[in-house]
Amino acid sequence: MRRIAILFCGFAVMLAGCQAKKPEASETPNTGNTSGVPAAETRKYVIGMSQCNRGEPWRVQMDTDIADAAKAHPELTVLFKDAQNKAEMQQSHVREFVQQKVDLIIISPKEARPLTRPVAEAMDAGIPVIVLDRKVEGDKYTCFIGADNVKIGREAGKYLVELLGGKGDIVELKGLMTSTPGQERHNGFMEGIAGSQIKVVFDADCQWLEPNAQREMKSALSRFPKIDAVYGHNDPSAHGAYLAARQEGKGREKTIKFIGIDALPHEGVRYVKDGVLTATFQYPTGGKEAIETALKILKGEKVDKAITLGTRIFTADTVEAGGKEL
Ligand code: FRU
């Protein structure tokens, strides 16, 4: 009965984001099998998942991937918290998980700097931390899981060089530049276009948000009569740019090439199928890998400090076949 109550509460938290207390320590032993303590297979574990926001489809997908992977392991309860894109709220969430004495924390931090200390505090309290997708500063965490954003940026740059025949004027709509994927997707891109005659004539920090990208693109369109392509750091940005071009009413959405990153099936991949984006690069959420890695850590196995996920490119030619590995 008690077990059902715990599971139910965990599920309710997944759905409603309410704040569940960790079950009593006696119900979730995480030390050796001394008398009265269940064997390893029957132990229960509570994982705190700190998501920086659930306002973007990609993050909803990450939480779903985590919840789905955890479902196969009845010994796991995952408590989800949504920081609503506020770094201070996310700091509090990590500290709450530490106070609750969860067994492990997974965090996808909004920004590197403000989340570095709370993660270090969790580690000091003996709670392992998996950092997912966006990084923190330094190396005080258990494991980082994510795709290689420098590589994705570089591939995007190389792709545009080829697409535009080595020269052209482009707009770069950046992600939040205090988050590591924004910095790395920019740096990689600059490497990818190095030596070509591609010029970034306009760039803006759109903080990963489609409405910001749409607004910035509107001003880029009014300032630059010739734009050959848009590099959006994510698919919502590339899509926002496309909408701005269409709204301008001069048909420029047909001449400008739009490329983005994420490749969710119902977002970027759909846009490629519809001819809105020329290409999108997959950015896997890592949710499944986070649960697999959490289980290893909880069972005392050693894990790599960094787990790098792959990427794929989706274009009109490859989209039906599920993209092409890079
Ligand atoms: C969602 C998102 C994705 C992007 C990732 C980078 O919040 O903006 O679109 O790929 O975060 O961390």
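The values are calculated or read from the model by the stated rules, or taken from the named source; none is laboratory data. It should be emphasised that the depicted structure is a prediction, and the values quoted were computed from it without experimental measurement. Cβ placement follows ideal geometry from the backbone for every residue including glycine, while neighbour counts extend to all protein chains displayed. Quick note on the areas: whole protein, heavy atoms, side chains included, nothing else; ligands and nucleic acids left out. Shrake-Rupley method; radii C 1.70, N 1.55, O 1.52, S 1.80 Å.
Normalised by the number of residues in the range 115-251, the mean separation of alpha-carbon contacts (under 8 Å, six or more apart) gives a relative contact order of 23 percent.
Summed over the residues of the range 265-326 and divided among them, the accessible surface reaches 52 Å² per residue at a probe radius of 1.4 Å. Which of 158/324; 296/324; 254/288; 174/218; 110/151; 110/299 have a Cα-Cα distance over 26 Å? Beyond 26 Å: 296/324; 254/288; 110/299.
For the chain, the longest principal axis of the alpha carbon atoms and the long axis of helix 180-193 meet at an angle near 40°. Angle check, please: helix 112-124 long axis (alpha carbons) against the longest principal axis of the chain (alpha carbons), in degrees 0 to 90, nearest 10. The helix 112-124 is inclined about 20 degrees to the chain. In the chain, helical runs assigned H by DSSP with n ≥ 4 each contribute -39500 (n - 2.57); averaged across all residues and rounded to the nearest 500, the mean residue ellipticity at 222 nm is -13000 deg cm²/dmol.
At a 10 angstrom cut-off on C-beta neighbours, averaged per residue, how do the peptides 143-152, 270-279 rank from highest to lowest? Each step should come with its number before you reach the end.
On the way: 143-152: 21.9, 270-279: 19.4.
The most tightly packed comes first, giving 143-152, 270-279.
If I take every Cα pair under 8 Å that is 6 or more residues apart in the chain, average their sequence separation and divide by the length, what percent do I get for the relative contact order?
On the way: 670 pairs, mean separation 46.9, N = 326.
This gives 14 percent for the chain.
Note on the chain: Kirkwood hydrodynamic radius from all Cα pairs is 20.8 Å, rounded to one decimal. Computed with a 1.4 Å probe over protein heavy atoms only, the accessible surface of the range 141-214 comes to 37 Å² per residue.
Within the range 54-129, all pairs of alpha-carbon atoms sorted by distance into 10 Å bins from zero give the percentages 18, 49, 31, 2.
Dimensions of the range 173-257 from C-alpha coordinates, computed as largest minus smallest value along each principal axis and given longest first, are 35, 29, 18 Å. Taking only protein heavy atoms and a 1.4 Å probe, the accessible area of the range 194-308 is 48% carbon and sulfur. Heavy-atom surface analysis with a 1.4 Å probe gives the range 44-114 a carbon and sulfur content of 50 percent of its accessible area. Three principal axis extents of the range 184-326 based on alpha-carbon atoms, in descending order, are 60, 30, 30 Å. Axis of helix 287-298 versus longest Cα principal axis of the chain: the two differ by about 30°, to the nearest ten degrees.
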